[in-house]
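As structure tokens, the structure follows; a few thoughts come after it.
The values are calculated or read from the model by the stated rules, or taken from the named source; none is laboratory data. As the structure is a computational prediction, the values presented were derived from the model and not from experiment. All Cβ positions, even for glycine, are placed from backbone atoms using ideal geometry, and neighbour counts span all protein chains on display. Protein only, heavy atoms only, side chains kept; ligands, DNA and RNA dropped before computing areas. Shrake-Rupley method; radii C 1.70, N 1.55, O 1.52, S 1.80 Å.
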Amino acid sequence: SLSLGNAGLERLLGEKEHMEAEPAKWWTYETLVRDLAYVRAACHESAGKVHFCTSAAELEAAYSAGAVALTADVQNSNFIGPDFDRLETVYWLGVRRIQVTYNDANAAGHGCMEDFDGGLTKWGHRLVAAMNDLGMIADTGHCKPQTVIDVAKASRKPMTCSHAGLSSISAANPRTQTDEAIKAVAKTGGVFGVVAVPSAINNTDWCTVADLVNNIDAAVKVVGEDHVGFGSDFVMSAALEEIFTAPEWSADRAAAVKTSGAVWPFSDGHAGFENNGGYRNLTRGLVAKGYSDEAIRKIMGGNFLRVFREVVG
């Protein structure tokens, strides 16, 4: 899944100075629509190498054709603003998953960087209900634990926490989830995605694939193999300085998630998973951990595909 509507894909150019990414461009409706047009045009121009997918059948067709399959998501519901009709508009433009909050609290709920966790708001309940009706996945990757639990209670369909660590392993890191929240996700039939960023795995800039496998294994012990996947959260094109133009990434927030800035992109600090070639190493690690072929297929994407099929169609 490709995260859109941040500062704008065409603005994230790896620049450390004279950046086109600006705080005012993050999470706006205009930025999200521009990103959707940008990605759909790029897929069209790829001569079949990259497919923009809005259904499980299209994902499976792309796989069968040997093409790259993209689905669109956005990591904040702020773009809706005062016009709730924007939710249905972006659905028809191709968005199939929306993260309820990013780092800060918004109209829907409370993000992971907040000191207080007030859970899902009334507006947030309206949002989750509308997403259920449309066939969009409610995601909670950056939410506070109580907000995750409230989304799970509100949702009539499976939901996800697409990319987070485990509080049981990295308790001091706000980009983690409690066992209670992870169980709530699973109770909906949903999936908890273990993030691959080193700082959320072991609170440093460095980790190994074995560390990621241990985190995945810990999550499986909490909710079982049917409800665990992984979400790398790797950013390989943008400069860290561009990411930090987001209003929700101040220096103190970066310090809170144990990101020193010494290693960028994050993947450079993940031994064995420095780039997309690392997926095979994750498979090898799960084999070495004793997981069956069936369980590995679930963790490596099968569980997320099941949720996509059940919610999106």
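Looking only at the stretch 183-200, which residues are free of Cβ contacts under 8 Å to residues at least 60 places away in the same chain and either surrounded by fewer than 24 Cβ atoms within 10 Å (Cβ to Cβ) or farther than 12 Å from residue 233 by Cα (or both)? Passing the criteria: 183, 184, 185, 186, 187, 188, 192. Filtering 52, 79, 84 for residues that are of a type outside the set (Ser, Thr, Tyr), over 26 Å from residue 244 (Cα atoms) and surrounded by 18 or more Cβ atoms within 10 Å (Cβ to Cβ) leaves a single hit, 52. Counting residues in the stretch 93-104 that are surrounded by fewer than 22 Cβ atoms within 10 Å (Cβ to Cβ) and polar (S, T, N, Q) gives zero. Restricting 72, 62, 67, 41 to residues that are in contact (Cβ under 8 Å) with a residue 24 or more places away in the chain, open to solvent by less than 70 Å² (accessible area, probe 1.4 Å) and more than 17 Å from residue 130 (Cβ to Cβ) narrows the list to 72. Of all residues in the stretch 284-313, those satisfying the criterion of being assigned to a helix (DSSP H, G or I), open to solvent by 50 Å² or more (accessible area, probe 1.4 Å) and farther than 14 Å from residue 160 by Cα are 284, 287, 288, 293, 294, 297, 300. Checked against (1) more than 19 Å from the chain's Cα centre (by Cα); (2) under 22 Å from residue 229 (Cα atoms), residue 132 passes all but condition (1). Mind checking whether some residue in the stretch 250-259 is part of a loop (DSSP other than H, G, I, E, B), out of contact with any strand residue (DSSP E or B) (no Cβ under 7 Å at 6 or more places or on another chain), among the small types (Gly, Ala, Ser) and in contact (Cβ under 8 Å) with a residue 40 or more places away in the chain? Checked against the condition, which is being part of a loop (DSSP other than H, G, I, E, B), out of contact with any strand residue (DSSP E or B) (no Cβ under 7 Å at 6 or more places or on another chain), among the small types (Gly, Ala, Ser) and in contact (Cβ under 8 Å) with a residue 40 or more places away in the chain, the stretch 250-259 yields no hits at all.
Out of curiosity, is residue 267 part of a loop (DSSP other than H, G, I, E, B), open to solvent by less than 10 Å² (accessible area, probe 1.4 Å) and hydroxyl-bearing (Ser, Thr, Tyr)? Can you show your working first?
Details: part of a loop (DSSP other than H, G, I, E, B): no; open to solvent by less than 10 Å² (accessible area, probe 1.4 Å): yes; hydroxyl-bearing (Ser, Thr, Tyr): yes.
No.
Would you say residue 21 is of a type in the set (A, V, I, L, M, F, W, C), touching a residue at least 60 places away in the same chain (Cβ under 8 Å) and under 21 Å from residue 235 (Cα atoms)? The answer is yes for residue 21.
Can residue 213 be described as part of a helix (DSSP H, G or I) and touching a residue at least 60 places away in the same chain (Cβ under 8 Å)?
yes
When residues in the stretch 220-244 are screened for being open to solvent by less than 30 Å² (accessible area, probe 1.4 Å) and either in contact with a Ser or Thr (Cβ under 9 Å, 6 or more places away or on another chain) or among the basic types (Lys, Arg) (or both), 4 of them pass.
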